[in-house]
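Participant: Let me begin by handing over the structure; questions about it come next.
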Amino acid sequence: MALLDVEDLSVTYHLRDAAVRAVDGVSFSVEPGEVVAVVGESGSGKSTLALSLTRLLPSPPAELRARHVRFEETDLFAASEAQLRRLRGGRIAYVFQDPASSLNPVLTIGEQLRETIELHTGRRGRDADAVALDWLARVGIPPVQRRLGAYPHEFAGGMQQRVMIAMAMASQPALLIADEPTSALDVTVQVQILRLLRELKRQFGLSLLLISHDLLVVQRLAHRTVVLSRGAVVESGPTEQVLQRPAHPYTRSLLEARASMSWRAGEAGADG
């Protein structure tokens with residue numbers, strides 16, 4: 001049985017002068033322990049899709065419809081707000097693109113970690129601090145007490161993203177939704193974060209829904225890939241098949257754009 005099963009999901013934004021269909025009849029699934037990537041260019045509907053799964057989009061202006069969005073035994077689109085609050089950040093956790101905007105600048109790292117831990121595990125006080133330090137160590141941040149008293153601006157971008165991953169993983173979710181988790185980071189740090197996600201998946205049997213425009217990231221992590229164009233699925237299948245033998249012209253255009261960018265980067269490096 002799939003951990004997450006999405007059937008005929010659509011999202012329409014009702015704006016002042018128009019209705020815009022951002023996600024159009026999308027269906028896919030994520031199996032336990034599987035990494036599924038959703039790829040497409042900017043504006044293809046990837047992030048709207050990710051946020052809609054747990055009904056995080058404000059309604060209005062967003063109108064969400066689906067035959068079902070089933071996670072474990074719960075249809076998320078039929079669930080109560082109380083059920084969704086327990087699932088968000090608990091069984092389903094998110095890591096977003098820009099950790100600097102996701103972390104609260106006026107709260108310490110420890111306060112933000114403790115809030116998540118207390119809410120979803122019931123651990124409090126020193127017990128919560130011990131869990132926080134353990135997760136900082138697991139994501140590669142030295143687990144010294146003073147780290148809990150530091151503020152987000154005292155961490156570099158890669159370390160901020162590690163903190164976000166620690167916060168997401170502290171409740172030991174079944175599904176991690178990672179929306180462009182490396183795009184705000186430099187190349188060296190991107191590789192480190194990808195290795196971290198791969199190791200956490202291995203250790204905890206984590207399922208991962210990876211939202212990305214970067215086909216190299218997708219190639220390194222994903223078992224299956226869903227290609228989104230203008231809110232609709234144009235191709236899906238095993239990642240190797242989709243990336244090496246693309247069936248749809250849009251997928252081929254994404255691959256050609258990636259190849260062109262890699263060639264230009266190599267040319268710039270050679271000239272430099």
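Participant: If you go through region 126-149 one residue at a time, do you hit one that is under 26 Å from Leu9 (Cβ atoms), free of Cβ contacts under 8 Å to residues at least 40 places away in the same chain and either assigned to a loop (DSSP other than H, G, I, E, B) or among the β-branched types (Val, Ile, Thr) (or both)?
Facilitator: No, that holds for no residue.
Participant: Let me ask you something else. What's the number of the condition Arg146 fails, among (1) under 19 Å from Pro99 (Cα atoms); (2) of a type in the set (Lys, Arg); (3) more than 15 Å from the chain's Cα centre (by Cα)?
Facilitator: Here Arg146 clears every test but (1).
Participant: Quick one: which of Asp129, Asp75 is out of contact with any Pro (no Cβ under 7 Å at 6 or more places or on another chain) and at pLDDT below 90?
Facilitator: It is Asp129.
Participant: Return the only residue of Arg70, Arg55 being in contact with a strand residue (DSSP E or B) (Cβ under 8 Å, 6 or more places away or on another chain), surrounded by 18 or more Cβ atoms within 10 Å (Cβ to Cβ) and either closer than 24 Å to Ser207 by Cα or modelled with pLDDT of 95 or more (or both).
Facilitator: Among Arg70, Arg55, only Arg70 is in contact with a strand residue (DSSP E or B) (Cβ under 8 Å, 6 or more places away or on another chain), surrounded by 18 or more Cβ atoms within 10 Å (Cβ to Cβ) and either closer than 24 Å to Ser207 by Cα or modelled with pLDDT of 95 or more (or both).
Participant: Any idea which of Leu87, Leu113 is among the aliphatic types (A, V, I, L, M), modelled with pLDDT of 90 or more and more than 30 Å from Phe28 (Cβ to Cβ)?
Facilitator: Unique residue meeting the criteria: Leu113.
Participant: Hey, another quick one. Out of Thr54, Thr12, Thr108, report the one residue that is more than 22 Å from Leu221 (Cβ to Cβ), in contact with a Lys or Arg (Cβ under 6 Å, 6 or more places away or on another chain) and of a type in the set (Val, Ile, Thr).
Facilitator: Criteria check complete, one pass: Thr12.
Participant: Same structure again: So which residues in region 4-42 are under 18 Å from the mean Cα position of the chain (by Cα) and free of Cβ contacts under 8 Å to residues at least 40 places away in the same chain, if there are any at all?
Facilitator: Ser29 - this is the single residue of region 4-42 that is under 18 Å from the mean Cα position of the chain (by Cα) and free of Cβ contacts under 8 Å to residues at least 40 places away in the same chain.
Participant: Out of curiosity, is Pro99 in contact (Cβ under 8 Å) with a residue 40 or more places away in the chain and over 16 Å from Leu176 (Cα atoms)?
Facilitator: no
Participant: Here's something else I'd like to know. Considering (1) farther than 22 Å from Arg230 by Cβ; (2) crowded, with 19+ Cβ neighbours inside 10 Å, say which one Gly45 fails and leave the rest.
Facilitator: (1)
Here's the yes/no breakdown for (1) buried (at least 23 other Cβ atoms within 10 Å of the Cβ); (2) among the hydroxyl-bearing types (Ser, Thr, Tyr); (3) within 18 Å of Val38 (Cα to Cα):
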| site | (1), (2), (3) |
| --- | --- |
| Gln160 | no, no, no |
| Val163 | yes, no, no |
| Ala170 | yes, no, no |
| Ser183 | no, yes, yes |
| Gln192 | no, no, no |
| Lys201 | no, no, yes |
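Participant: Going by the conditions given, is Ser207 under 14 Å from Val35 (Cβ atoms), surrounded by 17 or more Cβ atoms within 10 Å (Cβ to Cβ) and either in contact (Cβ under 8 Å) with a residue 40 or more places away in the chain or of a type in the set (D, E, K, R) (or both)?
Facilitator: In short, yes.
Participant: Sticking with this one: Would you say Leu185 is modelled with pLDDT under 85 and either under 15 Å from Val95 (Cβ atoms) or not in a helix (DSSP H, G or I) (or both)?
Facilitator: Spelling it out, Leu185 is indeed modelled with pLDDT under 85 and either under 15 Å from Val95 (Cβ atoms) or not in a helix (DSSP H, G or I) (or both).
Participant: Moving on. Condition first: of a type in the set (Ser, Thr, Tyr) and surrounded by 17 or more Cβ atoms within 10 Å (Cβ to Cβ). Can you find one or more residues in region 85-100 that meet it?
Facilitator: Checking region 85-100: at least one residue is of a type in the set (Ser, Thr, Tyr) and surrounded by 17 or more Cβ atoms within 10 Å (Cβ to Cβ).
Participant: Which residue, of Ser212, Ser171, Ser183, Ser236, is hydroxyl-bearing (Ser, Thr, Tyr), touching a residue at least 24 places away in the same chain (Cβ under 8 Å) and more than 30 Å from Val20 (Cβ to Cβ)?
Facilitator: Within the list Ser212, Ser171, Ser183, Ser236, the selection yields Ser171.
Participant: Just name the residue that is farthest from Asp5 (Cα to Cα) out of those in region 67-85 that are without any contact (Cβ under 8 Å) to a residue 40 or more places away in the chain and part of a loop (DSSP other than H, G, I, E, B).
Facilitator: Filtering region 67-85 for residues that are without any contact (Cβ under 8 Å) to a residue 40 or more places away in the chain and part of a loop (DSSP other than H, G, I, E, B), the one farthest from Asp5 (Cα to Cα) comes out as Ser80.
Participant: Does Leu57 satisfy the condition of being part of a strand (DSSP E or B) and either over 21 Å from Tyr250 (Cβ atoms) or not small (Gly, Ala, Ser) (or both)?
Facilitator: In short, no.
The values are calculated or read from the model by the stated rules, or taken from the named source; none is laboratory data. Small disclaimer: the values here were computed from a predicted structure and weren't measured. Using ideal geometry, Cβ is built from the backbone for each residue, glycine included, and neighbour counts are taken over all protein chains shown.
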